[in-house]
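S.K.: Please see the structure below; I have some questions.
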Amino acid sequence: MNIVMVGHKYVPSRDGGIEIVVEELSSRFANLGHQVTILNRKRKGYKKFEEYKGCKIKEIFTINKKSLDAIIYSFFATLKIRKLIKKGKIDIVHYHAEGPCVFLNLLPKGKKRKGTKIVVTIHGLDWQRGKWNGFASRIIKVGEKKAVKYANEIIVLSQNNQQYFKQKYGRETNFIPNGVSEAKFHEPEIIKEKYGLIKNDYVLFLARIVPEKGLEYLLKAWEFVKNSTDKKLVIAGGDSNSKKYYESIKNRVEKDPSIIMTGFVSGQELQELYSNAYLYVLPSDIEGMPMSLLEALSYGNICLVSNILENTEIINDDCFVFNKSDVEDLEKQLKKALLSNLQSHKNIYQTYNWNDIVERTLELYKK
């Protein structure tokens, strides 16, 4: 099949879960002999790729500003896809996230699609996310409605979102979760040299630094527990279109010796952080299917998460759960975990295998 991926920011990148999903699916499709084209957003200062892991890379014009980036990229990407469909050159167009679907009505319809199938993956109800203002949120809702109206198939990452689309639109969707790669364990080398961290002496928050990840709750709870433990709190992640919020967190914690803020991490440093954490914490208000939580579980981390269904659907019995947005309950569970002498990295939990996800996605393409 000839497959086009659209809606992400840039591949290769760990900027967010969508970028990871697009790379993992695309590279595996290419390995199976399919022709895959990935439509990256044009980025100043980013290395330009024409090919990556067997996939063609095409850059789409955009303006690298939070308020304009996604909408301009989506418009020009959809116009490019429209031309390719008219030429009969695409079997599958796979849109990722709700916002980029806002121009789906511009694509050919009916017989004019020439057999091209439109597939949309909903990575979460993005209009709920705190990083988007009222106007952006409304645009994303329009994208959601366009996906419901024009997509041949919709993929959701949680049973909660599946219920949402059924109840709100009467639309049937396909539950295909994200996958996770095999964990690569490392002793603390980079993190020991850079931050003085050793095995099991820190609590790890690793996610994008955006409001909906619940970092505010964790910082408030940490104030009440930090004096009763010798462990550090490590905050790892980039800003992802929330630079002002990121800077506010950075300013808030910079004078606290019990907190280490690493910024964006990848490669061996990322693997070391997962490999040696005592506890992983994800206090989110909103998720699609959190890649960082899947990764933490694959390393055998014991996790403390908010009780949203997108988290509780995928954790194992070793994990701790607190009531969403409830700082007092988070503090209680955090104290419990810190006093429990946890044996992390003993029970590797890897339910979602990428090869299985690829097979299920291809079956949907052929449906």
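Coordinate-derived values only; no laboratory data. What you see is a predicted model; the values in this text were computed from it and never measured. Neighbour counts run over all protein chains shown; Cβ positions are idealised from the backbone, glycine included.
S.K.: Using label points projected 7 Å from each Cα along Cα→Cβ, tell me how many nm separate residue 105 and residue 169, to one decimal.
M.R.: It works out to 1.4 nm between the two label points.
S.K.: Projected onto the charge dipole of region 81-120 (+1 at Lys/Arg Cβ, -1 at Asp/Glu Cβ, origin at the Cα centre), which of 110, 120, 92 gives the Cα projection farthest towards the positive end?
M.R.: 110
S.K.: Once the Cα gyration tensor of region 190-338 is diagonalised, what are the square roots of 5 times its eigenvalues, in whole Å and ordered largest first, as equivalent ellipsoid semi-axes?
M.R.: Ellipsoid half-lengths, sorted descending, are 20, 17, 17 Å.
S.K.: Then there's this: So how strong a dipole does the chain carry about its Cα centre when Lys and Arg Cβ are +1 and Asp and Glu Cβ are -1, to the nearest 20 debye? Could the numbers behind the result be given before it?
M.R.: Values: 59 positive and 43 negative charges, 529 e Å.
The calculation lands at about 2540 debye.
S.K.: I'd like the distance between the alpha-carbon centres of region 312-367 and region 274-300, rounded to an integer number of Å.
M.R.: 7
S.K.: Moving to a separate point now. Among 79, 219, 339, what is the fewest-to-most ranking by other Cβ atoms within 10 Å?
M.R.: Working: 79 14, 219 19, 339 11.
Final ranking by Cβ density, sparse to dense: 339, 79, 219.
S.K.: If each residue's Cβ is checked for other Cβ atoms within 10 Å, how do 96, 8, 186 rank with the fewest at the top?
M.R.: On the way: 96 23, 8 27, 186 17.
Fewest-to-most Cβ neighbours within 10 Å comes out as 186, 96, 8.
S.K.: When you count, for each residue, the other Cβ atoms within 10 Å and take the mean per peptide, how do 112-119, 36-43 rank with the highest first?
M.R.: On the way: 112-119: 16.5, 36-43: 22.4.
Final packing ranking: 36-43, 112-119.
S.K.: Taking a threshold of 28 Å on the Cα-Cα distance, which of the pairs 42/86; 56/168; 9/232; 65/141; 168/367; 44/250 fall above it? Intermediate results must be reported in sequence, preceding the final value.
M.R.: On the way: 42/86 24 Å; 56/168 37 Å; 9/232 33 Å; 65/141 20 Å; 168/367 24 Å; 44/250 25 Å.
Among 42/86; 56/168; 9/232; 65/141; 168/367; 44/250, the Cα-Cα distance tops 28 Å for 56/168; 9/232.
S.K.: In percent, how large is the relative contact order of region 190-338, given Cα pairs closer than 8 Å and 6 or more residues apart? Present the calculation step by step, with values, prior to reporting the outcome.
M.R.: Details: 257 pairs, mean separation 40.8, N = 149.
Across region 190-338, relative contact order equals 27 percent.
S.K.: Starting from the Cα-Cα distance between residue 137 and residue 348, subtract it from 0.36 nm times their residue separation and give me the gain in nm to one decimal. Walk me through the intermediate numbers first.
M.R.: Values: separation 211, 0.36 × 211 = 75.96 nm, distance 3.76 nm.
Gain in length upon complete extension: 72.2 nm.
S.K.: Mean separation of Cα pairs under 8 Å and 6+ residues apart, divided by the residue count of the chain: what relative contact order is that in percent?
M.R.: Working: 721 pairs, mean separation 52.9, N = 367.
The value is 14 percent.
S.K.: Helix 134-150 against the longest principal axis of the chain: what's the angle in degrees, Cα atoms only, rounded to the nearest 10?
M.R.: Helix 134-150 and the main axis of the chain meet at about 50 degrees.
S.K.: For helix 215-225, what angle does its Cα long axis make with the longest principal axis of the chain, in degrees from 0 to 90 and rounded to 10?
M.R.: In the chain, helix 215-225 runs at an angle near 10 degrees to the longest axis.
S.K.: Hey, another quick one. Using the alpha-carbon centroid of each, what span in Å lies between region 93-119 and region 1-43?
M.R.: So the separation of the two Cα centres works out to 17 Å.
S.K.: Calculate the dipole size of region 190-338 relative to its Cα centre from +1 charges on Lys and Arg beta carbons and -1 charges on Asp and Glu beta carbons; express the result in debye to the nearest 20. Write out the running numbers ahead of the final one.
M.R.: Details: 18 positive and 23 negative charges, 102 e Å.
Using only the charged Cβ atoms, the result is roughly 480 debye.
S.K.: Quick one: work out the % antiparallel among DSSP beta bridges in region 190-338, nearest 5. Intermediate values should be presented prior to the final figure.
M.R.: Working: 0 of 17 bridges.
For region 190-338, the DSSP antiparallel bridge percentage is about 0.
S.K.: Something else about it: Quick one: which residues, 5+ away or cross-chain, put their amide H under 5 Å from the amide H of residue 259? H built at 1.01 Å from N.
M.R.: 233
S.K.: Tell me what the chain gives for mean residue ellipticity at 222 nm when only DSSP H runs of n ≥ 4 count, each as -39,500 (n - 2.57), the sum divided by the residue total, rounded to 500 deg cm²/dmol. Each step should come with its number before you reach the end.
M.R.: On the way: 12 runs with 136 residues, N = 367.
Rounded to the nearest 500, the figure is -11500 deg cm²/dmol.
S.K.: Further, regarding this structure: So what's the angle, to the nearest 10 degrees on a 0 to 90 scale, between helix 354-366 and the longest Cα principal axis of the chain?
M.R.: Helix 354-366 sits at roughly 20 degrees to that axis.
S.K.: Now for a different question. Using a Gaussian network model of the chain with C-alpha springs under 10 Å, which one of 280, 95, 169 is most mobile by mean-square fluctuation?
M.R.: Of 280, 95, 169, the Gaussian network model singles out 169 as fluctuating most.
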